[in-house]
Amino acid sequence: MIHDEALAAIAGHPHAWRFRQLCDGANPDCEQRDAYRRLVVRLARGEVPESPGPPVSYGDAAPPAAGGCCGGPPP
């Protein structure tokens with residue numbers, strides 16, 4: 001399966017719009033682009049994505065509210 005087919009297969013994913021941007025050939029960061037292409041193929045196959053690392057700890061503070069640093073939901 002190639003990444004274009006995978007993107008079509010995961011079109012209902014809440015972050016599909018961002019995956020399309022990151023997988024696009026116009027993305028100048030080729031390492032990032034290729035990593036996201038591999039990720040969408042894994043997602044389309046139903047495989048569990050690789051863990052990005054240990055979970056973030058907020059200590060005694062509460063996690064940021066929805067829409068925090070990123071400015072809210074996608075357009």
message = Of the residues 20, 33, only one is without any contact (Cβ under 8 Å) to a residue 12 or more places away in the chain and of a type in the set (Lys, Arg); which?
response = 33
request  = Restrict the check to segment 17-32 and report whether at least one residue is open to solvent by 100 Å² or more (accessible area, probe 1.4 Å), part of a loop (DSSP other than H, G, I, E, B) and at pLDDT 90 or above.
outcome  = yes
key: Of the criteria (1) modelled with pLDDT under 90; (2) assigned to a loop (DSSP other than H, G, I, E, B), which one residue 43 fails   = (2)
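The values are calculated or read from the model by the stated rules, or taken from the named source; none is laboratory data. Here the structure is a predicted model, which means the values were calculated and not measured. As a convention, Cβ positions derive from the backbone with ideal geometry for all residues, glycine included, and neighbour counts pool all protein chains shown. To get the accessible areas, we keep the full protein, side chains included, count just its heavy atoms, and leave off ligands, DNA and RNA. Shrake-Rupley method; radii C 1.70, N 1.55, O 1.52, S 1.80 Å.
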